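The next block holds one structure in the form of structure tokens; read it before the comments.
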């Protein structure tokens, strides 16, 4: 896949410029994302928080190329992905992004190993290499002895480990996690968070959408959304004004646009 890269976006792995997403619900237009400006560097650990309906999952879907904005530009790895066709976007999702969802999204009739192998199959990786890579990642996540179990034979925490294995089997640049602990008990959730944070320490960018304030606090950078706008964006190690990321507020509408970079 030969794609044009934008040298101006070289400082950030992800850069959003004036992203808007509008949904038509009956006769009403819902502005789910309003002029979002956001930059994310490689290796960051970010949480996105906000009340239900604030736009955080919509933002995650846009970042993961699961949904298309109505306007604005999205640069990923210096490529303007908003200009790509569906197949080109699918190739980027497959090779550069990993997804972890609240309800796991595993295929029920497939074993844990077969679920993890799916991205490798889609990429045309030879069978022997697929088997070796799947075995290693499941062993690394403590699931080696359950590799042939179907999802309904696994606990919630075990299913999420399989989902993480699938998300990372292609060695993506970023993991996008939508409420990864939301369907787990506290102990299993803590295990999953430890795994995701260990991957981040290895250099993988980690972005988590969560309602859990304890999980949100763990991230090195926190973003808060309200009514489709970024209202807070700051580094978590020191919440002084020096670390507060500047925002520009529309005095008329009260909407706030967050930027970082």
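Computed from the coordinates by the stated procedures, all read-outs in this text should not be read as laboratory data. A quick note: this is a predicted structure, and the numbers were derived from the prediction, not measured. Counting neighbours? That spans all protein chains shown, and the Cβs are built from the backbone with ideal geometry, glycine included.
The helices (runs of 4 or more DSSP H) found wholly in segment 131-231 and carrying at least 3 residues that are buried (at least 18 other Cβ atoms within 10 Å of the Cβ) occupy 156-168, 186-201. Residue under question is residue 221, and the condition is that it be touching a helix residue (DSSP H, G or I) at 6+ places or on another chain (Cβ under 6 Å), under 27 Å from residue 92 (Cβ atoms) and touching a residue at least 12 places away in the same chain (Cβ under 8 Å); does it hold? Criteria not met by residue 221. Looking at segment 103-117 only, could you name the residues that are surrounded by fewer than 18 Cβ atoms within 10 Å (Cβ to Cβ) and closer than 30 Å to residue 211 by Cα? If the condition is that a residue be surrounded by fewer than 18 Cβ atoms within 10 Å (Cβ to Cβ) and closer than 30 Å to residue 211 by Cα, then 103, 105, 107, 108 are the ones that fit.
Of 81, 100, all but one fail to be touching a residue at least 60 places away in the same chain (Cβ under 8 Å) and within 23 Å of residue 209 (Cα to Cα); the exception is 100. Per the conditions (1) farther than 21 Å from residue 65 by Cβ; (2) without any contact (Cβ under 8 Å) to a residue 40 or more places away in the chain; (3) out of contact with any helix residue (DSSP H, G or I) (no Cβ under 8 Å at 6 or more places or on another chain), the sole criterion not satisfied by residue 171 is (1).
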